Amino acid sequence: MPRARKRALRVAADSRSSAASARPSRIRAAIARAVRAARTNALERVRWTVALGASFDAPGFELALAGFRRLYNVAPVRVLCAPDVLGRFAALMGRSSDDALQRELRYDGLPVVSAILAPGTIVFEGEVDEERMGDW
């Protein structure tokens, strides 16, 4: 490209950018309100970890489940267990410990699944409505 042509392009580009900055913008900045669906309440995910130990019994598990319900006032959505706890849970519910690793176990309609947790640990997960939570 000849040098004069480059200079002409540069002048044209400079005049366009300066003309654009000389005009005021019609864009207005504003902060919008949070948008939420009117029918559904916002749910907060909660987790409650309990150290049951590897040799827990059925009343110990039910006591831990009742503790979650008492604390959050809702039933948990699912139960995560360390592999040793899941094997013990399957044995308590009348199944073999091999079934715990091959199938999905349920307790009172809740899925009980294996997770990477410390030995003897169980985690209850649930969703709590912000309004129902209250002040703890």
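Where a number appears in this text, it was derived from the coordinates with a stated rule and is not lab data. Everything numeric here is computed off the predicted structure, so don't read it as measured data.
Rounded to whole Hz and in sequence order, give me ³J(HN,Hα) for the range 56-67 from the Karplus expression 6.51 cos²θ - 1.76 cosθ + 1.60, θ = phi - 60°, writing x for Gly and Pro.
6, 10, 4, x, x, 5, 5, 5, 5, 5, 5, x
L105's amide H: which non-local residues (gap 5+, or another chain) put their own amide H closer than 5 Å, with H modeled 1.01 Å from N in plane and none for Pro or chain starts?
V112
So what J values fall out for the range 112-123 if you push phi through Karplus, 6.51 cos²θ - 1.76 cosθ + 1.60 with θ = phi - 60°, rounded to Hz, Gly and Pro as x?
Along the range 112-123, the couplings run 10, 10, 7, 8, 7, 9, 5, x, x, 10, 9, 10 Hz.
Using the C-alpha atoms of the range 43-133, what convex hull volume per residue, in cubic angstrom, is computed?
85 Å³
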